[in-house]
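Before any comments, here is the structure.
The values are calculated or read from the model by the stated rules, or taken from the named source; none is laboratory data. It should be emphasised that the depicted structure is a prediction, and the values quoted were computed from it without experimental measurement. As a convention, Cβ positions derive from the backbone with ideal geometry for all residues, glycine included, and neighbour counts pool all protein chains shown.
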Amino acid sequence: MPKNSVSRRKHRLLTALLAVAASVIGLGGWGYAGAAASTPITDTGGSVLPHRSSAVTGALGVTFGFEDRTMAGGPYENQGATIYNYPMYTAKTATTDQFWLDYVEELVSAGVDFVGVDTRGFVPGSAVPNGGGDPRELTQLVNAITKAGAAGKLKIAAFDDVPASLTDKKNQVKHHTGGYTPPFDMADTTGAGEGGYQYLWDNDLKVFYQVVPDSMLYKVDGRPLVYLWGDGSMFINQGNGNSARMLQYVRSQAQSTFTENPYFIVDQAWLKNDPAVSSVADGEDDWFGVPSPTFTNQAFNGHTYGATAPSFSFVNSSHNMVIDPQHGKTLVDNLRSTVGAGDYITLVEGFSDWLEGAALWRTEAGSYNVTQRDYPNQNLNIMRRYSRTPFPTDLTVQAESADVVAGTTQGSPSGVYRSDLDVRTTTDTGSGWNVQNIVAGESEQWNEVPLQGTENLKVRVAAPASGARFQFVIDGVQGPVVAVPSTGGAQVWQTLDAGTFQFTPGTYHTVQIHYLAGGVSVNWWQAVSA
């Protein structure tokens, strides 16, 4: 054998021995240029789950109601109906800017193209907020997207709840009662009677455009997306072109004031009540039914628009309205039948709709009969599977978001997150929360995580002293032990390399972090495709 071949063999052997040593003593955790990052650990486990085909290009969005009770973390009560899917983030002692920061993170985790905020107008001269859905509050959503560095990933559309923004607000202004009697008169353009275009434009969508910058608007063919809920029994005189003229007025105002030409997707009731709307609308949706159909595909002007929900539950002495989530199967089937069927835009109710058991958000940890979820991140994971990026190349997972937590716990002094981890606000870039005072023997687990090919794992940590150690265990396969250096404080942050894994394409995995020695705080972990 030639001498240079022997030398290469010795070099490979030495490299392998150094790799083992680095893994054992944790050199990879120091960002050491050793084998932790360069020698992938093979994981042939995981599961194959249905997800969007790369050939499917349609947009995916969600509705988002920001009612006062939702933003305040309760009380969670709706006319005596049993409430399921309480959120993991409870907001009881938090400010509303923290509320939006959390949900920006969750919306980005779900991979949605846009969030359709449920706007409901406001009474001129009223304090902010004037009930749930006050568009003036959306400054905080805009600020949260900016703070999280998510402006390139998450855009904003309007989902106008017209019975609330028109009929209820008109009755607050005109009769000081609110509610839906008397109904809104579509033929009254000025507000002299029981109508007025100002309720949809001046007191609602105009403010939406003032608050949300053009760069954050979700646009279809270069035009900002606006959904309009049904104009049914809470309205009169919708026909004879009256509804069409209202929409045309709003469009002309948006164009002249903001140079924006809204892309209107209207509920099918608009077209049924006033066929002239067909000349103004750009799309149509037919929503979903309870108990069926749980999804719809509505064709209009050469495109098909999907609408669906993950579940529904409103049961009390006078109502029995249920869509069974079937352990996530309902949402998977519905997304396969809308997004997967090639719908141009699919809208899913309702990211924060705890009132009707339709929430998509990260739920509290609990049994299925309490949460109607198999694990807290289940619906976020399903949504991401049908997003444009079912396998993100830079997946970031927050430490406080674990599906399962085990070991000793210190409680949660923040009061806004789970009680089985010490969750606190962080001063790290992007803000949000971190897990602090982690002790030896604790572990966190995330289910059905999309990992494929070569993935380099990184962890954002802070430690006032050295000595902490942790390792990833994925599908039972152990990664290198990472030794954490002193970063200079419990809120002084550093990103550590935690090893590289090799996964089978198109697979989902159980990811654990085992904390072998305590004294570390963790903000997030990240999987970056190599």
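Numerical summary
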item: Members of segment 140-188 found to be among the polar types (S, T, N, Q) and part of a loop (DSSP other than H, G, I, E, B), listed by number; result: T177, T181
item: Condition met for P413 (crowded, with 20+ Cβ neighbours inside 10 Å, not β-branched (V, I, T) and not in a strand (DSSP E or B)); result: no
item: Sole residue being buried (at least 20 other Cβ atoms within 10 Å of the Cβ) and either of a type in the set (G, A, S) or modelled with pLDDT of 95 or more (or both), chosen from G453, G357, G430, G407; result: G357
item: All positions within segment 310-323 that are farther than 19 Å from Y76 by Cβ and either among the aliphatic types (A, V, I, L, M) or within 21 Å of the chain's Cα centre (by Cα) (or both); result: I323
item: Residue match in segment 249-261 (condition: free of Cβ contacts under 8 Å to residues at least 24 places away in the same chain and among the small types (G, A, S)); result: yes
item: Selection from segment 146-196 of residues that are closer than 30 Å to V112 by Cα, surrounded by 19 or more Cβ atoms within 10 Å (Cβ to Cβ) and among the polar types (S, T, N, Q); result: S165
item: Any hit, segment 277-296, residues being of a type in the set (F, W, Y), closer than 30 Å to I83 by Cβ, in contact with a strand residue (DSSP E or B) (Cβ under 9 Å, 6 or more places away or on another chain) and part of a loop (DSSP other than H, G, I, E, B); result: yes
item: Subset of segment 329-348 that is of a type outside the set (A, V, I, L, M, F, W, C) and not in a loop (DSSP other than H, G, I, E, B) - its residue that is surrounded by the fewest Cβ atoms within 10 Å (Cβ to Cβ); result: K329
item: Single match in T363, T393, T308, T346 (criterion: on the phi < 0 side of the Ramachandran plot and either of a type outside the set (S, T, Y) or touching a Gly at 6+ places or on another chain (Cβ under 7 Å) (or both)); result: T346
item: Meets criteria (at pLDDT 95 or above, hydrophobic (A, V, I, L, M, F, W, C), over 20 Å from T190 (Cα atoms) and touching a strand residue (DSSP E or B) at 6+ places or on another chain (Cβ under 8 Å)) for I236; result: no
item: Residues of segment 474-512 classified as buried (at least 17 other Cβ atoms within 10 Å of the Cβ) and closer than 18 Å to E442 by Cβ, total; result: 12
item: The one condition in (1) hydroxyl-bearing (S, T, Y); (2) under 23 Å from F64 (Cβ atoms); (3) more than 35 Å from the chain's Cα centre (by Cα) that T167 fails to fulfil; result: (3)
item: Selection status of R373, part of a loop (DSSP other than H, G, I, E, B), basic (K, R) and assigned by TED's automatic domain parsing to the domain that holds T296; result: yes
item: From F99, F114, F122, residue being farther than 22 Å from P310 by Cβ, aromatic (F, W, Y) and either touching a residue at least 24 places away in the same chain (Cβ under 8 Å) or outside the structural domain of P413 (by TED's automatic domain parsing) (or both); result: F122
item: Of residues in segment 433-450 being among the hydrophobic types (A, V, I, L, M, F, W, C) and within 23 Å of the chain's Cα centre (by Cα), the one modelled with the lowest pLDDT; result: W433
item: Condition met for E137 (more than 25 Å from L205 (Cα to Cα) and outside any loop (DSSP other than H, G, I, E, B)); result: no
item: Residue, nearest to V423 (Cα to Cα), within segment 362-413, restricted to residues that are hydrophobic (A, V, I, L, M, F, W, C) and in contact with a Ser or Thr (Cβ under 6 Å, 6 or more places away or on another chain); result: A406
item: Segment 349-369 - residue that is over 13 Å from M88 (Cβ atoms) and not in a loop (DSSP other than H, G, I, E, B) and, of those, farthest from the chain's Cα centre (by Cα); result: N369
item: Residue that is surrounded by the fewest Cβ atoms within 10 Å (Cβ to Cβ) [pool: residues in segment 202-218 that are of a type in the set (D, E, K, R) and out of contact with any helix residue (DSSP H, G or I) (no Cβ under 6 Å at 6 or more places or on another chain)]; result: D214
item: So G34, is it surrounded by 15 or more Cβ atoms within 10 Å (Cβ to Cβ), modelled with pLDDT under 90 and not assigned by TED's automatic domain parsing to the domain that holds V117; result: yes
item: From V370, V397, residue being closer than 30 Å to I323 by Cβ, surrounded by fewer than 16 Cβ atoms within 10 Å (Cβ to Cβ) and not basic (K, R); result: V370
item: Selection within segment 376-409 - part of a helix (DSSP H, G or I) and over 19 Å from F351 (Cα atoms); result: A399, E400
item: The lone exception for Q326 - which of (1) under 23 Å from T63 (Cβ atoms); (2) surrounded by fewer than 19 Cβ atoms within 10 Å (Cβ to Cβ); (3) more than 22 Å from the chain's Cα centre (by Cα) it fails; result: (3)
item: Of all residues in segment 290-319 being out of contact with any Asp or Glu (no Cβ under 9 Å at 6 or more places or on another chain) and over 20 Å from T371 (Cα atoms), the one that is surrounded by the most Cβ atoms within 10 Å (Cβ to Cβ); result: H319
item: Hits in segment 412-448 - residues which are farther than 19 Å from A462 by Cα and of a type outside the set (S, T, N, Q); result: G415, V416, Y417, R418, D420, W446, E448
